Amino acid sequence: MRSLLKYFRKELFDGLKAFDGGDYIIAHRNDKQPVQFAVIQTIPVLAAFNRDGFTAKHLKISITFLMDLARTTKDPKLKSSCYYNLAKLIEMIDMRPLQDYLPDIMLSLFNELEKYSKPMCGEVIKCYQSLSNKFKKKILEYGNMNRLIDTILINGLQAQSLEFIAEISKMDASDNRSAETQLKILYLISYILQGEMYHFKEKHLENIQLKNVLEFQKRIMDETSIDRNSVSISHALQALTNYEFNDLAKVLPGFFKDVVLEYLDSSNPVIRKAAAKAGCLLYNKSDSLTSQDSIPKNMVYQILDKFLCIAFNDPDDEIRETMLSSLNENFDEFLNHEKHLQMLFMCINDSVYSVKEKALQIIGKIYSLSIQRLNIILL
C-alpha cells in the first residue's frame with residue numbers, strides 16, 4: 001500500500017468508492033513488528049497522497065501515535081523512526097492545521113532531550129528543524145529558548161544540532177543572542193577538551209549579557225552526562241569548524257593556542273585531523289594577526305612552529321596538507337623568517353604532490369611580497 005500511495009496519482013483511486021487506505025493503515029498502528037514499522041513509514045506517504053483528507057481524518061491520531069510511541073519505546077530504532085517520520089509529516093502538512101499541535105510537539109521534543117540519552121536521537125533535532133522551517137519565528141513563542149539551546153548543547157556538539165542552534169539564534173536577535181550562544185559553545189568545547197572552563201578576557205565579553213552564560217556554566221559543571229571520550233573530543237574540535245564564531249573572532253587565536261593546540265599531538269588520527277581543520281578555519285575567520293588587540297607575536301610563533309612541524313612530520317597526508325592550507329595571509333609577516341622558510345623548503349620534499357604544491361605556493365607568495373616591499377623601499 002505504501003508503494004501504491006507513493007507512486008500512483010490520487011485520481012486513479014477515485015473510482016474505488018470503498019477504498020480508504022488511510023483507515024486501513026492507521027488501524028494497524030498497534031500491531032506487532034514489522035507491521036508497526038511499516039505503518040510509521042507510511043504515515044507521511046499517506047499525508048502526501050491526500051493531504052486534505054489526511055488532515056481532516058488522521059492528523060491528530062497520527063501525531064499522537066508517533067509522539068506516544070517515541071516517548072515510551074525502549075527500542076532506539078523504533079524511536080528514531082517515529083521522530084524521523086514525524087519530521088516528514090510536519091513538512092507535508094500546512095501550517096494552519098498543524099499549529100494546534102505545536103505546543104505539544106515542542107514539549108515532547110524537549111522532554112526527550114532532557115533525558116540525555118546516549119547516544120542522542122538525532123531525529124529529534126530533525127523535528128525541530130522541520131518546525132523551524134514551517135513556523136519560522138513562531139516557535140520562539142513556545143518554551144524557553146535559552147533552556148532549549150543549553151539542553152541541545154549538553155546532549156552533544158553534533159553538526160545537525162549546531163546547525164539548528166544557529167538558525168534559532170539568528171531568528172532571535174534580542175539581547176545579543178548570537179554572541180551569547182557562541183560563548184556558550186566555546187565554554188562547552190573548553191570543558192570537554194580541558195575538563196574546565198576557559199577564562200576569556202573581560203574586554204572581549206563586554207557586549208554580552210552574561211547571566212544566561214553563567215547559568216549554562218553551572219549546568220555544565222553539575223551535569224554528569226557530558227562525555228569526555230574520544231568521540232566527544234572529536235565532535236568538540238569539529239564544532240569549531242561547524243559553527244560561525246563571527247562575534248568572538250578576536251578570542252579565537254588565543255583560544256586555539258591554549259585549548260586546541262595540544263590535540264595536534266594526539267595519537268588518535270581522527271582527533272588530530274579535527275584539530276588540524278579547526279586551526280585552519282579558525283584563522284580564516286579571525287582578524288589579521290597583526291591588527292590591534294591581536295595575540296602577542298611570540299604566541300603566533302609558537303603556533304607556527306607547531307603547524308610547520310605537523311606539516312612536515314605527520315604520517316597522515318591530509319593533515320600535512322591541511323596544516324599548510326591554514327597558513328593564510330594572516331601569517332605572511334611571520335613566515336618570512338629563516339627558521340620557518342627552512343621548514344617550508346623541507347616540505348617541498350614531501351612524497352605527496354598536493355603537499356609539495358601547497359609549500360611552493362606559500363614560498364612563492366612570501367617571495368612576491370618581499371619583492372613588492374623592496375620595490376616600495378627603492379621608490
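All of the numbers you see were taken from the coordinates with simple rules; none came from a lab. Predicted model only: the values in this text are computed from it and were never measured. Cβ sites come from the backbone with ideal geometry, for glycine too, and all protein chains shown count toward neighbours.
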*What ranking of S130, S230, S62 emerges when the number of other C-beta atoms within 10 Å of each C-beta is taken as an exposure proxy, fewest first?*
S230, S130, S62
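Averaged over every viewing direction, what's the projected area of the C-alpha convex hull for the chain? Give it in nm², one decimal, please. Let's see the in-between values first.
Values: hull surface 99.6 nm².
That works out to 24.9 nm².
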*Across the range 255-260, in residue order, what do the Karplus-derived ³J(HN,Hα) couplings come to in whole Hz, using 6.51 cos²θ - 1.76 cosθ + 1.60 with θ = phi - 60° and x for Gly and Pro?*
4, 4, 5, 7, 10, 9
*Distance check, please: which entries in K74/K118; K118/K257; K170/K250 exceed 23 angstrom between their Cα atoms?*
K118/K257
*Over what distance in Å are the Cα centres of the range 64-139 and the range 185-238 separated?*
27
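What is the calculated FRET efficiency for N229 to N313, with r their C-beta to C-beta distance and R₀ = 25 Å, to the nearest 0.05?
On the way: r = 27 Å, r/R0 = 1.06.
The calculated FRET efficiency here is 0.40.
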*Would you mind telling me which residue in N146, N229, N212 has the biggest mean-square fluctuation in a Gaussian network model of the chain, where springs connect alpha carbons within a distance under 10 angstrom?*
N229
*asked:* Given bins 10 angstrom wide, list per bin the percent of all Cα-Cα distances in the range 98-172, short to long.
replied: 19, 61, 20, 0
*asked:* At R0 = 35 Å, how high is the FRET efficiency between N328 and T73 if r is their beta carbon distance? Nearest 0.05 is fine.
replied: 0.10
*Could you work out the Rg to Rh ratio of the range 1-143, with Rh taken as the Kirkwood radius (inverse of the mean 1/r over all Cα pairs)?*
0.98
*Ordered by residue, what ³J(HN,Hα) values in Hz, to whole numbers, does the range 193-198 give under the Karplus form 6.51 cos²θ - 1.76 cosθ + 1.60, where θ = phi - 60° and Gly and Pro are x?*
7, 10, x, 7, 7, 6
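Please work out the FRET efficiency for the pair S368 and E163, using the Cβ-Cβ distance as r and a Förster radius of 45 Å; give the result to the nearest 0.05.
With a Förster radius of 45 Å, E is 0.70.
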*Give, in nm to one decimal, the length gained when the segment between Q99 and E114 is fully stretched (0.36 nm per residue of separation minus the Cα-Cα distance).*
3.1 nm
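Compute the relative contact order of the chain as a whole-number percentage, counting only Cα pairs closer than 8 Å that sit 6 or more residues apart in sequence. Don't jump to the answer; show the numbers that get you there.
Numbers: 391 pairs, mean separation 34.1, N = 379.
With pairs under 8 Å counted, the relative contact order is 9 percent.
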*Gaussian network model of the chain, Cα springs within a sub-10 Å range: biggest mean-square fluctuation belongs to which of E206, E262, E357?*
E206
